[in-house]
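This report refers to the structure that appears directly beneath it.
Rule-based calculations on the coordinates, nothing more; no lab input. For clarity, every value in this text was computed on a predicted model and none was experimentally measured. Cβ: placed from backbone, ideal geometry, glycine included. Neighbour counts: every protein chain shown.
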């Protein structure tokens, strides 16, 4: 099943890419470690928020569609895999 994600996912990922590029620039400039750690924490939190958004979209679209088409076993297996991956996020 093909998943379509909201524009919010794409926008957030673009913002995170900008953050990561900024962090790389900070490293190259020799910025203090505490400044880098603050920015890394912010980027990590942003990624977690994107993961939550994707999980919500998965539930709202993919899981519901799977149950509506009657493909319950595959839907439950896919949901288990998604939850397992999501639970690995820190």
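For the chain, set up a GNM with springs between Cα atoms under 10 Å and report which of 30, 66, 18 has the largest fluctuation.
Comparing 30, 66, 18 in a Gaussian network model of the chain, the most mobile one is 30.
Among 37, 13, 47, determine the one that fluctuates most according to a GNM of the chain built with springs between C-alpha atoms less than 10 Å apart.
37
What is the angle, in °, between the Cα long axis of helix 7-29 and the longest principal axis of the Cα atoms in the chain? Nearest 10 is fine, range 0 to 90.
30 degrees
If I fit a long axis through the Cα atoms of helix 72-87 and take the longest principal axis of the Cα atoms of the chain, what angle between them do I get, 0 to 90°, rounded to 10?
With rounding to tens, the tilt is 20 degrees.
Over the chain, what is the relative contact order in percent, taking alpha-carbon pairs closer than 8 angstrom and at least six residues apart?
32 percent
Looking at (1) 5.1; (2) 6.5; (3) 6.8, which value of mean projected area of the Cα convex hull in nm² comes from a calculation on the structure shown?
Looking at mean projected area of the Cα convex hull in nm² for this model, the match is (2).
How far is helix 33-57 tilted off the main Cα axis of the chain, in degrees rounded to 10, range 0 to 90?
Relative to the chain, helix 33-57 is tipped by roughly 10 degrees.
Taking the beta-carbon count within 10 Å as an exposure proxy, list 38, 9 from fewest neighbours to most.
Numbers: 38 12, 9 15.
Arranged by neighbour count, lowest to highest, 38, 9 become 38, 9.
Using just the helices of the chain, give the 222 nm mean residue ellipticity in deg cm²/dmol: DSSP H runs with n ≥ 4 each add -39,500 (n - 2.57), and the total is spread over all residues, rounded to 500. Let's see the in-between values first.
Numbers: 4 runs with 69 residues, N = 90.
It comes out at -26000 deg cm²/dmol, rounded to the nearest 500.
Which order results if 75, 69 are arranged by neighbouring Cβ count within 10 Å, fewest first?
Going from sparsest to densest Cβ surroundings: 69, 75.
Post the alpha-carbon centroid distance, the range 46-90 to the range 1-27, in whole angstrom.
Result: 20 Å between the Cα centres.
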